[in-house]
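The values are calculated or read from the model by the stated rules, or taken from the named source; none is laboratory data. Because the structure is a prediction, the values reported are computed rather than measured. Neighbour counts run over all protein chains shown; Cβ positions are idealised from the backbone, glycine included.
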Amino acid sequence: MKPRKLLLLLAALLLALAVLPGVNAQGGRSDETITVATDLEPNSLDPLFGDAIGGPDRYTYNLMYETLIRLEQDGSLTPMLAESYEVSEDGTMLTFTLREGVTFHDGTPFNAEAAAFNLNRALDPEVNAPRGADLTVIESVEATDEMTLVITLANPSATIFTNLATEAGMMISPTAWQTLGEDYGRNPVGTGPFRFVEWRSGDRLIVERFEDYWRMDAAGVPLPYLAGVTMRFISDPAVKLVELQTGNVALTDAINPIDFEIVEDDPDLQLILVPSGIHQWMTFNVTQPPFDDVTLRRAILHAIDRQLLSDVITFGTGEVTPTIVPSFWWVYEPELEDYDYDPEQARQLLAEAGYPDGIDVTMSIIQREPDTQIAELLQATLAEFNINIEIEVLERQAWIDKVLAYDYEMAMLRAGVPRPDPDFLFGTVFGRGAANNWSGGQNEELFGIIDEAATVRDRDARRELYVRAQEIILADAFYGFLFFRPVAFPASDALQNFTMDVDGGWRLGEVWLSE
């Protein structure tokens, strides 16, 4: 079995791979195209109207679109369509100096007027773009000269740069939008490394190299290296794997750990493991008995061997962390006091909670893997403490309706971290009025900290606030944080220099195929 190839998506590595001379072992561009496969087809090729945040939508969008700045794994910013930026002393005015010589795929120039058009389109209530909600802190956008863009904020925002680096900040051709109107979503025009050729719904998306693309590697070789990309939409994981094994595709989206060995045993394939924000966790309904009792919640958490769960489910590739914050985030704190596996403490707390002889509970899960496997393992291990779990398996929407109505006892969760700034995660799950408050828990101190952290600009001060927030989250024990599992992409062994966005999108503008 050959070793896995582990890509650590750190900014320094990404930058090095992108710009160091000689990274293209083929010595330059080629006439080769690659075919890749994914099971999720975007509903629109207009980035403001994508139905997913990050991940699969970014597979396609990154081929054709770019943003003013790019966010890296460690939270640093890489200049893209903007060469530089300045922030006013009060934090409410952002001045971007844009890159000269950039054109859209239709030949029209990218300049401050085009950038202002894009941001104003995102904010236009008549356009009603879902991703526009990410930019509502913007009060006005103005092109002060041909290559200078000034953004005025309603108030200082710690998240504005993160949001400008997402789909909300992707630049499309104003001319194409004005010409095509509602048809634009099927005829995209950006500034990215590839230009749109064809989209056959339910089958494939075809793009080709944009010959006037502005980026080069440090050796002066124009990017992209490839002549084109065909993205096939294949829903069946088994079919995708067969297509990969037969050489019909060079890369597919993530596979489950149970299939790792198939890829690793094939000399023509590689398995690319990417640390991810995909977290397996569980929630208690704290709005009613029995889990309105924090002592009972803590008892159950001490009865779970999270490392064993992780090792069994991920075949040793997962990571146990104190909370839902991944270890590669700048707000990660490994020294937090969490819930180690402690059978004696678990039994003591069960008795204190009034359940010395155990308790019968129901766990609601979505019909999918690895949720079922995890629930069955929890069922078996917790039975040793006379915590008897009945597993209720539901379709996804039925599960959502049941859990958000707080008509459950325990539930299994799986969540990605779609935005690299912690405000999105903390605000939508743990914040005041959070849309995804699965537990029903309320903590005013926590709400205040999350609100404050969203406005503080100093990164060290923000980190202190988010670490304190994690301490409160752990003490409340509304949730049980189990483990992170990596994203595993099977690929042709010839695929070189594959990298990803921090929020899960493929970057295919810098890959090549070895001979």
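Assorted remarks:
- In region 202-216, the residues that are over 20 Å from residue 38 (Cα atoms) form Cβ pairs under 6 Å with partners that are surrounded by 18 or more Cβ atoms within 10 Å (Cβ to Cβ) and of a type in the set (Val, Ile, Thr), at six or more places apart or across chains, as follows: 214/102.
- The condition (being touching a residue at least 24 places away in the same chain (Cβ under 8 Å), within 29 Å of residue 463 (Cα to Cα) and crowded, with 16+ Cβ neighbours inside 10 Å) is satisfied by just one residue among 319, 337: 319.
- Remark: pairs (first residue in region 244-260, at negative phi; second residue among the acidic types (Asp, Glu); Cβ separation under 8 Å; 6+ apart in sequence or on different chains) = 245/266; 245/268; 249/243; 252/243; 253/39; 256/369.
- Any hit, region 17-40, residues being within 30 Å of residue 314 (Cβ to Cβ) and at pLDDT below 50: yes
- In region 356-390, residue surrounded by the fewest Cβ atoms within 10 Å (Cβ to Cβ) [restricted to those that are among the β-branched types (Val, Ile, Thr) and under 25 Å from residue 401 (Cα atoms)]: 362
- Across region 240-253, a minimum of one residue is classified as part of a strand (DSSP E or B) and buried (at least 22 other Cβ atoms within 10 Å of the Cβ).
- Filtered residues of region 355-381 (kept if part of a loop (DSSP other than H, G, I, E, B) and in contact (Cβ under 8 Å) with a residue 24 or more places away in the chain): 355, 357, 358, 367, 368, 369, 370
- Flag for residue 430 being in contact (Cβ under 8 Å) with a residue 12 or more places away in the chain, of a type outside the set (Val, Ile, Thr), closer than 21 Å to residue 155 by Cβ and surrounded by 14 or more Cβ atoms within 10 Å (Cβ to Cβ): no
- Subset of region 151-176 (residues that are surrounded by 18 or more Cβ atoms within 10 Å (Cβ to Cβ) and over 18 Å from residue 457 (Cβ atoms)): 166, 167, 168, 169, 170, 171, 172, 173, 174, 176
- Residue that is surrounded by the most Cβ atoms within 10 Å (Cβ to Cβ), among those in region 260-286 that are touching a strand residue (DSSP E or B) at 6+ places or on another chain (Cβ under 8 Å) and of a type in the set (Asp, Glu): 264
- Between 123, 48, 94, 119, the distinction of being under 22 Å from residue 509 (Cα atoms) and of a type in the set (A, V, I, L, M) belongs to 48 only.
- Selection within region 490-515 - of a type in the set (A, V, I, L, M, F, W, C) and closer than 24 Å to residue 80 by Cβ: 495, 498, 500, 502, 506, 508, 511, 512
- Count of region 287-303 residues, restricted to those that are surrounded by fewer than 22 Cβ atoms within 10 Å (Cβ to Cβ) and assigned to a loop (DSSP other than H, G, I, E, B), is 6.
- Residues (within 21 Å of residue 328 (Cα to Cα), charged (D, E, K, R) and surrounded by fewer than 23 Cβ atoms within 10 Å (Cβ to Cβ)) located in region 470-502: 471
- Residue, surrounded by the fewest Cβ atoms within 10 Å (Cβ to Cβ), within region 208-239, restricted to residues that are of a type in the set (Asp, Glu) and more than 23 Å from residue 57 (Cβ to Cβ): 211
- With respect to the conditions (1) touching a residue at least 12 places away in the same chain (Cβ under 8 Å); (2) more than 16 Å from residue 81 (Cβ to Cβ); (3) of a type outside the set (Asp, Glu), residue 128 falls short on a single one, namely (1).
- Filtered residues of region 114-132 (kept if surrounded by fewer than 17 Cβ atoms within 10 Å (Cβ to Cβ) and in contact with a Leu (Cβ under 9 Å, 6 or more places away or on another chain)): 127, 130
- Residue among 325, 312 that is under 30 Å from residue 260 (Cβ atoms) and assigned to a helix (DSSP H, G or I): 312
- Checking 425, 482 one by one, the residue that is in a strand (DSSP E or B), among the hydrophobic types (A, V, I, L, M, F, W, C) and over 30 Å from residue 250 (Cβ atoms) is 482 and no other.
- Scanning region 461-508 for residues that are closer than 26 Å to residue 283 by Cβ and among the aromatic types (Phe, Trp, Tyr) yields 466, 478, 479, 481, 483, 484.
- Checking each residue in region 87-106 for being part of a loop (DSSP other than H, G, I, E, B), of a type outside the set (A, V, I, L, M) and in contact (Cβ under 8 Å) with a residue 40 or more places away in the chain picks out 90, 91, 92, 99, 100, 101, 104, 105, 106.
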